[in-house]
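Shown next, in structure tokens, is the structure this report addresses.
The values are calculated or read from the model by the stated rules, or taken from the named source; none is laboratory data. Not measured: the values here are computed from a predicted model. Virtual Cβ from ideal backbone geometry, glycine too; neighbours counted across all protein chains shown. In case anyone asks, the SASA skips ligands and DNA or RNA and just uses the protein heavy atoms, side chains included. Shrake-Rupley method; radii C 1.70, N 1.55, O 1.52, S 1.80 Å.
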Amino acid sequence: MGLPALVAVLGAALWAVALVGAHLACVDAARAGARALARGEPVAEVRAAAALSAPPGAEIVISMTGEMARVTISAQVRPTWGRMLPPVRIEASASAAVEPGVVDLSTGGEAVGGWAEAREREAGHR
């Protein structure tokens, strides 16, 4: 009677470890993508950088608003040993401040990250 209970507890523990591992992979992928976007990398390279660490089949959402770069990774995780169990959705996001001089295409190509403001202050002091 104790052996089936032990197997069930072991299965639940292994499933929890797999979920934590998938969440950490999503966090690492989001962080790598946000850093690349904040440096001004092209979107294709940002997506590739995030996909390297993301779980297979993960959805990658990239956005830049103002002076913040944000990458969100979400994935459906299903246990390999229990195909009849429903998948669990894991999501992680990371934001990074945009570096000076990086161009935000959503604002018509204006520089973000304090670069434009610094140039205006410099011009005003001359």
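Are any residues in the stretch 1-42 assigned to a helix (DSSP H, G or I), farther than 13 Å from residue 90 by Cα and in contact with a strand residue (DSSP E or B) (Cβ under 6 Å, 6 or more places away or on another chain), and if so, which ones?
The answer is 31, 33, 34, 35, 37, 38.
Those residues that are of a type in the set (D, E, K, R), more than 17 Å from residue 58 (Cα to Cα) and in contact (Cβ under 8 Å) with a residue 24 or more places away in the chain, I need them from the stretch 70-100; list them, please.
Just the residues of the stretch 70-100 that are of a type in the set (D, E, K, R), to begin with: 70, 78, 83, 89, 91, 99.
Next cut, more than 17 Å from residue 58 (Cα to Cα) only: 83, 99.
Hit for the stretch 70-100 is 99, nothing else.
Filter the stretch 98-119 down to the residues that are surrounded by 14 or more Cβ atoms within 10 Å (Cβ to Cβ) and of a type in the set (A, V, I, L, M), then identify the one that is modelled with the highest pLDDT. Explain how you work it out, then say what you get.
Going through the stretch 98-119, the residues surrounded by 14 or more Cβ atoms within 10 Å (Cβ to Cβ) turn out to be 98-104, 111-115.
Adding the requirement that they be of a type in the set (A, V, I, L, M) leaves 98, 102-103, 111-112.
On the way: 98: 89, 102: 75, 103: 65, 111: 44, 112: 45.
Filtering first and then ranking leaves 98.
Have a look at 2, 21 and point out the one that is at pLDDT below 90 and of a type in the set (Gly, Ala, Ser). Steps first, answer last, please.
On the way: 21 fails: at pLDDT below 90.
Among 2, 21, only 2 is at pLDDT below 90 and of a type in the set (Gly, Ala, Ser).
Give the stretch 73-92 a look and list any residue that's assigned to a strand (DSSP E or B) and exposed (fewer than 11 other Cβ atoms within 10 Å of the Cβ), or say none. Break it down into steps so the answer makes sense when it comes.
Here is the first cut: in the stretch 73-92, the residues assigned to a strand (DSSP E or B) are 73-77, 88-92.
Passing the criteria: only 89.
Considering only residues that are open to solvent by 60 Å² or more (accessible area, probe 1.4 Å) and under 19 Å from residue 79 (Cβ atoms), look in the stretch 13-59 and name the one that is farthest from the chain's Cα centre (by Cα).
14
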